[in-house]
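Heads up: the structure comes next, in structure tokens.
The values are calculated or read from the model by the stated rules, or taken from the named source; none is laboratory data. Keep in mind the model is a prediction, meaning the values are calculated, not measured. Ligands, DNA and RNA are stripped out before the accessible areas are found, and what is left, the full protein with its side chains, is counted by its heavy atoms. Shrake-Rupley method; radii C 1.70, N 1.55, O 1.52, S 1.80 Å.
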Amino acid sequence: MQKKSTKESQKLEKLSKKAFRCKADAMEAFKQWQKQSELCQAEPQITSKPCYKGRGRPAEGAEPDYQEYCISGCCSVTVQTRLDAQSSLGCFVLATNDTDTDRLNTAELLKTYSKRQINPRPSESKTRLK
């Protein structure tokens, strides 16, 4: 979950470095990011930057030739999303052919399965040197 949210955050950071010609284009790009993002959410903040044609510093009082718009936001993961992701971790199905529940209940079945994972069969732990 952390890797995925970090990737989504990096995509938003990359998007914030891109300049757009109008606010609508910037918002459209943000909405695309929001659609692709499964874990992260952000509130968009649009900032405008005046741009001048020609090199060097513009003359004092010069009007900008056009405006560029950048979109940014603070990326976050909601508590509910995090709880949903955590609840899906560690879930597995443990099935058995033994239908006699009096002999082996679910807790004992899990304990037996866990012991088997810790102590592998002797034939599996031997290494062949030939």
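Please list Val79, Val93 from largest to smallest accessible area, probe radius 1.4 Å, with all protein chains kept in place.
Highest to lowest solvent-accessible surface, that is Val93, Val79.
Taking a 32 Å limit on the Cα-Cα distance, which of the listed pairs Lys4/Lys53; Lys7/Lys115; Lys11/Lys49; Lys31/Lys53; Lys11/Lys115 fall beyond it?
On the way: Lys4/Lys53 40 Å; Lys7/Lys115 37 Å; Lys11/Lys49 21 Å; Lys31/Lys53 30 Å; Lys11/Lys115 44 Å.
As for pairs spanning more than 32 Å Cα to Cα, those are Lys4/Lys53; Lys7/Lys115; Lys11/Lys115.
List the residues whose amide H sits under 5 Å from the amide H of Tyr52, counting only those 5 or more places along or on another chain, with H placed 1.01 Å from N in the peptide plane.
Amide H neighbours of Tyr52: Asp65.
Length gain on complete extension for the stretch Ser48 to Gln67, per 0.36 nm per residue less the alpha carbon to alpha carbon distance?
Extending this stretch completely gives an extra 6.2 nm.
May I ask you to compute the full-extension gain from Met27 to Asn105, defined as 0.36 nm times their residue separation minus their alpha-carbon distance, rounded to one decimal in nm?
22.4 nm
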